[in-house]
1. Cβ-Cβ distance below 6 Å, separation of 6 or more or different chains: which pairs start in the range 153-174 with a residue that is in the same structural domain as residue 69 (by TED's automatic domain parsing) and under 16 Å from residue 103 (Cβ atoms) and end on one that is of a type in the set (D, E, K, R) and modelled with pLDDT under 95?
2. Quickly run through the range 168-192 and pick out the residues that are part of a helix (DSSP H, G or I) and at pLDDT 80 or above.
3. Only one of these is under 28 Å from residue 61 (Cβ atoms), without any contact (Cβ under 8 Å) to a residue 60 or more places away in the chain and part of a strand (DSSP E or B): 219, 206. Name it.
4. Which residues, taken from the range 32-43, are assigned to a loop (DSSP other than H, G, I, E, B) and either small (Gly, Ala, Ser) or in contact with a strand residue (DSSP E or B) (Cβ under 9 Å, 6 or more places away or on another chain) (or both)?
5. All but one of (1) surrounded by 14 or more Cβ atoms within 10 Å (Cβ to Cβ); (2) assigned to a helix (DSSP H, G or I) hold for residue 253; state the number of the condition that does not hold.
6. Is at least one residue of the range 58-77 at pLDDT below 75 and either in a helix (DSSP H, G or I) or in the same structural domain as residue 216 (by TED's automatic domain parsing) (or both)?
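The values are calculated or read from the model by the stated rules, or taken from the named source; none is laboratory data. Keep in mind the model is a prediction, meaning the values are calculated, not measured. Cβ sites come from the backbone with ideal geometry, for glycine too, and all protein chains shown count toward neighbours.
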Amino acid sequence: MEKTKYDPNLSEIEKRIGYHFKDKNLGITAITTRAYSNEHTECTDNQALEYLGDAVLSLVIAGLLYEKWMQLQDNEAFVDLTPEGVMSKVRQKIVNNQYLSDCAKKHDLCKYIYNCPDDNGAHNNDLHTCSGSDIIEALIAAIYLDNDRSITIVKRFILDFLDISNLLNNEPKLIEVVIQKNHKDALIHKYQKLNRYTPFIEYPEFEDKFNKQDNTHHFVLGIRIDGTLLHGITGEGQNKATAEFEAAKAAYHFLESIDWDLSQIDH
């Protein structure tokens, strides 16, 4: 492959992720979005790398969780749980878009993602257009390919850069993740038990406050069950997943107080 010029944005990304690409073209592709590639057709976008990186990340995390399960399987907290159930819950905590996006934000990666060779002013500082999770997945794939598909090297990157080592070594936190009550699931299960059907639940957005200073959102969501809005019941959070969880938690407690009788609610 033709050697690529020094790229200032890739160089900055390399410093921040603690990895220097042997094949600079791979690194540049990893930080080139489809939107940018559409305007600069000589540049390859990172969509294929995102797909591969998602699969590599899932494989590495599955292997790490298997190793951890072998250490924790006799813990009394997991007596009534299956290995699949335990590992799936921990994986959902680790391999999710919000976790990856938070990691990208922590390292300020989105400032440097649109540069291509010979275009030093090309990067886009509009963070609204950056999906941090996609960038990290693309970087994971690029590191994997940059090392002849070595899982060992990309595994080390995932452990260190995504701070997975600290989570896996924090056994009390892992147990908390596994046994914590998920009110979204509990709400559905309660309805299934009482009414023998699965309710249709929606979380309408009431408000989205954007803080320009730290580039964060604050969502306020309501909850609607089978078309009935639970007035005054809301959930809040910096992402919609958290706000939905909080809305479901509030709804669960409210419905407990009215014996799960939606007919008591004004439509």
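1. Here the result reads 168/68, each pair linking the range 153-174 to a residue that is of a type in the set (D, E, K, R) and modelled with pLDDT under 95.
2. Matches in the range 168-192: 168, 169, 187, 188, 190, 191, 192.
3. None of the others qualify; the one that does is 219.
4. To start, the set of residues in the range 32-43 that are assigned to a loop (DSSP other than H, G, I, E, B) comprises 32-33, 40-43.
Answer for the range 32-43, where residues must be assigned to a loop (DSSP other than H, G, I, E, B) and either small (Gly, Ala, Ser) or in contact with a strand residue (DSSP E or B) (Cβ under 9 Å, 6 or more places away or on another chain) (or both): 32, 40, 42, 43.
5. All conditions pass for residue 253, except number (1).
6. Step one: of the range 58-77, the residues at pLDDT below 75 are 76-77.
The next check asks that each one be either in a helix (DSSP H, G or I) or in the same structural domain as residue 216 (by TED's automatic domain parsing) (or both); those that pass are 76-77.
Yes: one or more hits.
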